[in-house]
1. Where only protein heavy atoms count, and the probe is 1.4 Å, what is the accessible area per residue for region 91-206 in Å²?
2. Would you list, by chain and number, the aspartates and glutamates whose Cα falls below 17 Å from the Cα of Lys31, excluding same-chain residues fewer than 8 positions away?
3. Report, in listed order, any pair from Lys100/Lys333; Lys183/Lys333; Lys176/Lys298; Lys54/Lys100; Lys58/Lys298 with a Cα-Cα distance greater than 32 Å.
4. Which order do the peptides 196-202, 340-346, 210-216 take when ranked by the mean count of other beta-carbon atoms within 10 Å per residue, highest first?
5. For Rg/Rh (Cα atoms, Kirkwood Rh), the choices are (i) 1.01; (ii) 0.94; (iii) 0.98; which was calculated from the structure?
6. Top to bottom by accessible area (1.4 Å), largest first, where do His195, His230, His327 land?
7. For Arg299 and Glu84 in the same chain, what is the full-extension length gain: residue separation times 0.36 nm, less their Cα-Cα distance, in nm?
8. Ranked from highest to lowest mean number of other Cβ atoms within 10 Å per residue, what is the order of the peptides 47-58, 232-243, 352-363?
Amino acid sequence: MAVIDPAEEISELSGTLRSIMDVLDLEAMRKQIAELGEQVAAPDLWDDAEAAQKVTSKLSHLQADLNRVEGLVSRVDDLTVLYELAAEEDDEATKLEADKELASLRSDIGALEVRTLLSGPYDAREALVTINSQAGGVDAADWAEMLLRMYLRWAERKGYGTEVYDTSYAEEAGIKSATFTVKAPYAYGTLRGEHGTHRLVRISPFDNQGRRQTSFAGVDIVPVVEQTDHIEINEDDLRVDVYRSSGPGGQGVNTTDSAVRITHIPTGIVVSCQNERSQLQNRASAMNVLQAKLLERKRQEEAEKMSELRGASTTSWGTQIRNYVLHPYQIVKDLRTGTEAGNPSAVLDGDIDEFIESEIRWMRRQESEAN
């Protein structure tokens, strides 16, 4: 196995970082930060709380992105000095420290490079995620709840805000479905490769004979709608039902008919929301979810038309995408990218960045080949 000269690798990483900086356009980023800073300083900012939250959130994320890039530049410069110091003093401990930092930089710059691949029309949006239990009975419902926790833990690890709109609990254990948003720039572009069917193989905790059970859950990822989107919804096309919020029990369960379910009759799309105590608030949130679903439907139809014009087959990620095997061995494997992890517990606790990054690279290749 060839030994790679650290100086050469640092030079390559530095070149990659410069390319990333060109794509991100740091000067434009600084200008936008300054403009948002002026908006945040305006005395009437919080007259519109929702708009204010969006401005402050966008400013926070842009500042974090800028600090991330500038921090990587500083680390590359410091690493060169660290290797020089290790060589001058023939210090093995310093050399080991430098090698460890080199591996960390390689990973962090690679992750940032993936971000530059998110250039789709909706990639910069927040994400709306829906999880549904599929085949597998009570195990599938439990599996759907495990996936819900996995994604919420992933978002928590990244410092991303989330809001659960609706959770439909299964009778025995787990959930039938859940819908939530990930409130961070590029959440949709980051997560859209998770769309599809996830398969779990394990010894069922609900089988008194301890038999192995295979269960399935579906994950649906769509971009959150914005004011610039034109999604017309005819009120005559809607059936609105109100019902009492469901839950696992306790004082937090709503005792009024405040939950809202909306059916879009022409498409058959059904959405619901029960996280607010006000029926009006739940209806507004459910309409936002419906708009996002219709926007994604429109995007898919446009993609299919373009594929037909090019004479290419439509790419679909709505099939089985990943296996999570807990018995008789332990492994999580993505069926498209081949990415594997031997620690399912860590994956189910939200450690899914490696899978997400390989998905983004895979999807970019697929889209480039289709074009």
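The values are calculated or read from the model by the stated rules, or taken from the named source; none is laboratory data. A quick note: this is a predicted structure, and the numbers were derived from the prediction, not measured. Counting neighbours? That spans all protein chains shown, and the Cβs are built from the backbone with ideal geometry, glycine included. Areas reflect the complete protein model, heavy atoms only, side chains present, ligands, DNA and RNA absent. Shrake-Rupley method; radii C 1.70, N 1.55, O 1.52, S 1.80 Å.
1. Accessible area per residue, region 91-206: 40 Å².
2. Within the straight-line cut-off, Lys31 pairs with Asp22, Asp65, Glu70.
3. Lys54/Lys100
4. Packing proxy ranking, top to bottom: 196-202, 210-216, 340-346.
5. The value computed from this structure is option (i).
6. His230, His327, His195
7. Once the chain is fully extended between Arg299 and Glu84, it gains 72.1 nm.
8. The densest-packed peptide leads the list: 352-363, 47-58, 232-243.
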